[in-house]
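The values are calculated or read from the model by the stated rules, or taken from the named source; none is laboratory data. Note that the coordinates shown come from a computational prediction; the quantities given were computed from them, not determined experimentally. Glycine also receives a Cβ, built like all others from the backbone with ideal geometry; neighbour counts cover every protein chain displayed. With ligands, DNA and RNA removed, areas are computed over all heavy atoms of the protein, side chains included. Shrake-Rupley method; radii C 1.70, N 1.55, O 1.52, S 1.80 Å.
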Amino acid sequence: MTEAKPLIDMRDITVSFGVVRALRGVNFELHPGEVHALLGQNGAGKSTLIKVLSGVYQRDSGDVLIHGEQTQFKSAQDSRESGIAMVYQDLSLVPTMTVAANLFLGREPHGPLNLIRNRGLVSKAQAYLDEQGFPVKANASVDSLPFAYRQLTEIAKALMGEIKILVLDEPTSALSAGEEEILFEAVEEVTKRGVGVVYVTHRLHEVFRISDRVTVLRDGLNAGTFETADITMETLVQAIVGPGHEKMTQSTLSFEEGQRRSALLDASSEQVDVPPVIELRDVTNDRLNRVRLKVRPGEIFGLAGMVGSGRTEILETMFGLRRTVEGELLYQGEAVAWRSPAPAIRSGVALIPEDRHLQGLVLSDTISANVALPQLRGLTKFGMFARRESNRRAKSAVSELNVKAPGIVTKLEDLSGGNQQKVVFGKWLTPEPKLLLLDEPTVGVDVGARDEIYGIIRRFAQAGCAVVVISSDLVELEMLCDNIAVVHDGRIITTVHTSEIEGEEGLHQLVQESAR
Amino acid sequence: MSTTTPEAPATVGDSRVNPVKAMLKSDRPYTVFAALIVLVVFFSVLSPVFFSAANFANIGRQTTLVTIMAVGMTFVIISAEIDLSVASILKLSGVCAALFMQNFGENWVLGAVVGLAVGTFIGLINGLLTTRLGIPSFLVTLGMLGVAKGLAFVITDTAPVLIDNTAFFKVFYEGTILGLPIPIIWTAAVLTIGGVLLHFTTFGRKVYATGGNAVAARYSGINTSRVKIYCFMLSGLLAGVASLIFAAQAHAARPDFADGLELDVIAAVILGGTSLFGGRGTIIGTFIGSLIIGVLNNGLVIIGVSSSWQIAVKGLIIILAVAFSARKR
């Protein structure tokens, strides 16, 4: 790393919101051509620091030097003019327009009579994309692009002009394992030209894949800056979580979890005839092709594969959201043909969907009202809503799942991502489900809450519930599951027992191979 | 609408929260209630006639139609739909009931049932078209506004249908119970039943969830289409109830009555704090919203504002109120 003038030099930054001190003297540095990862739990101060850099928040004290010069950004505009480009999680593209039209939105090249020259627009955009080394077609409509390429378009748009600093805020949170590579390659291209990248993420393996240095924030303070090459996953996790959380890595399983696994192994080795909770026999529909799988009580079954591989559709079929056209869906040994989630829920199936804001929660409603939703039938007495019983269930869910909220009448929109996700679990505590389906259960959840969620999933399994988990985080799958099926193109390519897999790389390889 | 996770540690519901701000942000209609008080004080100062028991009973009677229909509209709007056809349903239900009574003798009970059935049936059609064909309810009910109104003119040959049935008049308009005029009793009954249905039954929870997040509701096993259809049917039924009260008051059903009444109804609901985006709202809020509309209609006449100005002033106040409630979100 060159020790020349840093692109960013933030010193002793403090920011307060009322009585809450979000940043309490944070330092951060970025060199040209470097990828500097920024880590920390929700509330550690990552976003606040980024917002100071982008001019959204004003610092209370400290210095921000950009290219060695003192600055005081008053707005996002100021920050942009100093050569800082931000790419946020929420995409800012117009999906119905082409990549080229998006890149030049508001500054289209004009021809005679001040009319927009469309052909010139596309060729100009394509030249720019090629120069950046981004494999995106300029005349493609944005909504026809896979998510990763939309993200590249977003980054390409952000980089237009004299940009030397690129800030990526959780760019992979919506991407699958395969798609990440596309993004990483683009980031590498960008750094080759001397652009410095600030990379905010929750995913630790990405830090090792892409960054040169890592800065960890904790409770508004620096918890350490490391050369990525010199550290291990364990040191990083410890820095994020702080003292007193050594259990984090999940290397030691609880006694109950060990018991569950050995009981499951015994059952399979002794050929004990435990009937599966759910069995798919050559299930075929518009998205699935002869899917076969079995999940027994107490088993955690993983589905690996890329986004769009059909993983989610398998869960949707089990939940009554998709029909089975051919083949059979057996629930507790009986063939069923659910045409909506209601009968599935009554039979004891629970779904934690992929997008908790869109599919899991009513954000404008309270914890209590959300927890009651799937069980309204059981909460009806003489036509009236059994408010007391509903509140009792909400209270026990909040305490059992350790939801951090002032009370059960708190609205979901006022909770953090991890706590919102716990409420989604809370919807399915009473009565206990027999089959729990989870689609990306830890996306956008910070490390601490993530660990609690793993604990919750295991408790369901220990109680005899069959669990099916989808995750793009292969480490997570390997750690949680007993068996893992690799899905591609609506088919199950292979099913393996977790003990047969050699680490994350082994699983990664399986997924990569399946896609070929 | 994307929700950003707050970076600051959870201080929601903290005791340091300013109680006035909390009230302004609350879903409970404190601010509308304050606005109602201000209006009442304003008119009382300007006119001694306004602040009297007789005039308040007047306001109650005049507000009956709007309040009753606004209760149904509250369900529809909380489920994230809209019903623009309520005034036309009122016309059609009214003339159907009146024609029935004219042609099939003295049985006013059957006549009333016909009126209610017609209203409920049109609500059902609105609901089916909205949910099964996926046409936005704004368009379905805009079309229905024309269809129902046109039919009301067709079957009456554009003439008023006279009613001559003392019992009917008594039950729906002219009677009193414990000294209270019967329209006020009807209003109270509809408000109570509507309030219990929305706030204390499982169906009410489903309405909130359907409007707050239809996908999440569906993923929780709620048949959101059915919930919406029931809401439209309720709106139609209550427009039918209003039509009977209206007919009893006029001793006739007329296809040319009540034009534009849907705007007062929707305004009452929105003033009462129900979100046009669905998922939020209360019956008590709707009641206060209706009273504001009623007080405005009555007060402006009493202080002698010309009817042309009345329309403009009412519109202006509605815009201000909605702008205010939009700001607090």
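Numbers for the structure displayed
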{"read-out": "Over 21 Å (Cα to Cα) - which of A:LYS294/A:LYS422; A:LYS46/A:LYS74; A:LYS46/A:LYS427; A:LYS74/A:LYS164 fall in this group", "value": "A:LYS294/A:LYS422; A:LYS46/A:LYS427"}
{"read-out": "The range A:284-428, accessible surface, carbon-and-sulfur percent (1.4 angstrom probe)", "value": "48 percent"}
{"read-out": "Cα centroid separation - the range A:378-394 against the range A:84-161, whole Å", "value": "53 Å"}
{"read-out": "Dipole moment magnitude, nearest 20 debye, the protein assembly as shown about Cα centre, only Lys, Arg, Asp, Glu C-beta charged", "value": "3200 debye"}
{"read-out": "Unit charges on C-beta of K, R, D, E only; dipole of chain B, Debye", "value": "980 debye"}
{"read-out": "Contour minus Cα-Cα distance for A:GLN72 and A:ALA263 (0.36 nm per residue)", "value": "62.6 nm"}
{"read-out": "For B:206-217, mean number of other protein chain Cβ atoms within 10 Å", "value": "6"}
{"read-out": "Aspartates and glutamates whose Cα lies under 18 Å from that of A:LYS404, excluding same-chain neighbours fewer than 8 positions away", "value": "A:ASP219, A:ASP365, A:GLU413, A:ASP414, A:ASP446, A:ASP451, A:GLU452, B:GLU7, B:ASP14"}
{"read-out": "Axial C-alpha extent at least 20 Å, average Kyte-Doolittle at least 1.6 - helices from chain B (DSSP)", "value": "B:30-46, B:137-156, B:182-200, B:283-302"}
{"read-out": "Unit charges at the beta carbon, dipole of the protein assembly as shown: most positive-side option, B:ILE229, A:GLY62, A:PRO433", "value": "B:ILE229"}
{"read-out": "A:GLN58-B:ILE303 FRET efficiency (beta carbon distance; Förster radius 56 Å; 0.05 resolution)", "value": "0.65"}
{"read-out": "Residue-averaged beta-carbon neighbours from other chains (10 angstrom radius) around B:194-205", "value": "4"}
{"read-out": "Solvent-accessible area buried by pairing B with A, both sides, nearest 100 square angstrom, 1.4 angstrom probe", "value": "3100 Å²"}
{"read-out": "Estimated D of chain B in µm² per second, where Rh is the Kirkwood radius over Cα pairs and Stokes-Einstein applies at 20 °C, 1.002 mPa s", "value": "104 µm²/s"}
{"read-out": "Partners for A:LYS381 among aspartates and glutamates (Cα-Cα distance below 16 Å; same-chain residues under 8 apart left out)", "value": "A:GLU389"}
{"read-out": "Signed unit charges on C-beta, dipole axis of chain A, positive-most listed residue A:SER340, A:LEU236, A:LEU93", "value": "A:SER340"}
{"read-out": "A:PHE255 - accessible surface, heavy atoms, 1.4 Å probe, Å² rounded to 10", "value": "150 Å²"}
{"read-out": "Accessible area of the protein assembly as shown divided out per residue, in Å², using a probe of 1.4 angstrom", "value": "44 Å²"}
{"read-out": "Of B:ALA35, A:LEU376, B:SER47, farthest towards positive along the dipole that unit charges on Lys, Arg, Asp, Glu beta carbons give the protein assembly as shown", "value": "B:SER47"}
{"read-out": "Value of relative contact order over chain B, rounded to a whole percent, pairs C-alpha under 8 Å and six or more apart", "value": "32 percent"}
{"read-out": "Kyte-Doolittle mean at least -1.0, axial Cα span of 15 Å or more - DSSP H helices of chain A", "value": "A:118-132, A:147-159, A:177-192, A:255-269, A:447-462, A:503-514"}
{"read-out": "Lysine pair number, Cα distance threshold 30 Å (strictly under), chain B, separation 8 or more or different chains", "value": "18"}
{"read-out": "Mean Cβ neighbour count within 10 Å, used as a protection proxy, ranking B:183-191, A:140-148 highest first", "value": "B:183-191, A:140-148"}
{"read-out": "17 Å Cα-Cα reach of A:LYS157 towards lysines, excluding residues that sit fewer than 8 places from it in its own chain", "value": "A:LYS124, A:LYS137"}
{"read-out": "Under 12 Å, Cβ to Cβ, from A:LEU121 - net charge with Lys/Arg +1 and Asp/Glu -1", "value": "+3"}
{"read-out": "Partner chain coverage, peptide A:364-377 - average Cβ within 10 angstrom", "value": "5"}
{"read-out": "Per-residue ³J(HN,Hα) for the range A:139-145, Karplus 6.51 cos²θ - 1.76 cosθ + 1.60, θ = phi - 60°, Hz, x for Gly and Pro", "value": "8, 6, 6, 4, 6, 8, 8"}
{"read-out": "A:ASP446, A:ASP63, reordered so the largest accessible area comes first (probe 1.4 Å)", "value": "A:ASP63, A:ASP446"}
{"read-out": "Burial of 30 Å² or greater, the range A:402-422 residues [accessible area, probe 1.4 Å, versus chain by itself]", "value": "A:PRO406, A:LYS411, A:GLU413, A:ASP414"}
